[in-house]
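The values are calculated or read from the model by the stated rules, or taken from the named source; none is laboratory data. Quick caveat, the model's predicted, so the values are computed rather than measured. Reconstructed Cβ throughout: ideal geometry from the backbone, glycine too, with neighbour counts over all protein chains shown. Accessible surface is based on the protein model in full, side chains and every heavy atom, while ligands, DNA and RNA are left aside. Shrake-Rupley method; radii C 1.70, N 1.55, O 1.52, S 1.80 Å.
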Amino acid sequence: QVQLVESGGGLVQAGDSLRLSCAASGRTFSFYVMGWFRQAPGKEREFVAMISRNGGTTYYADSVKGRFTISRDNAKNMGYLQMNYLRPDDAAMYYCAAKALDGYYVQARQYDYWGQGTQVTVSS
């Protein structure tokens, strides 16, 4: 198993940047695909980005493509989501998730492990 803890959320203004972190513990982090999801009040949890186990492949939701960058440092057991040009509609609770098999995973139900989330608020 792997345990995930997110950090880095906060209150920012539209156009600002934030870097979210996901600290992994337990089983070797490099065994897992990592994804980022977000959930706004009253909405379903939605896919933001994912990165393969070795970091060589990434996928993004269309809504964040060109603004967000997912990355990982397996030596440090860390995952990251760099968010630039934030917009009010990016405001949500952000979660990192892990799946122990390489593949293309964009649905929340496909992931096995989740962090507790970190809140991102964007003022206009």
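Things worth noting here:
- Scope the stretch 1-46; condition open to solvent by less than 30 Å² (accessible area, probe 1.4 Å) and part of a loop (DSSP other than H, G, I, E, B); matching residues: Tyr32, Ala40
- Candidates are the residues of the stretch 47-68 that are open to solvent by 20 Å² or more (accessible area, probe 1.4 Å) and in contact (Cβ under 8 Å) with a residue 40 or more places away in the chain; the one that is nearest to Asp102 (Cα to Cα) is Arg53.
- If only residues of the stretch 1-50 that are among the polar types (S, T, N, Q) and at pLDDT below 95 are counted, the one that is farthest from Thr69 (Cα to Cα) is Gln1.
- Matching residues, the stretch 74-90, being of a type outside the set (Gly, Ala, Ser) and either over 11 Å from Met34 (Cβ atoms) or touching a residue at least 60 places away in the same chain (Cβ under 8 Å) (or both): Lys76, Tyr80, Leu81, Gln82, Met83, Asn84, Tyr85, Leu86, Arg87, Pro88, Asp89, Asp90
- Leading residue by the ranking (modelled with the lowest pLDDT) among those in the stretch 110-124 that are assigned to a loop (DSSP other than H, G, I, E, B) and open to solvent by 60 Å² or more (accessible area, probe 1.4 Å): Ser124
- Ala75 being open to solvent by less than 60 Å² (accessible area, probe 1.4 Å), outside any loop (DSSP other than H, G, I, E, B), of a type in the set (Gly, Ala, Ser) and closer than 17 Å to Val2 by Cβ: no
- Within the stretch 92-101, one or more residues are over 19 Å from Phe29 (Cα atoms) and open to solvent by 10 Å² or more (accessible area, probe 1.4 Å).
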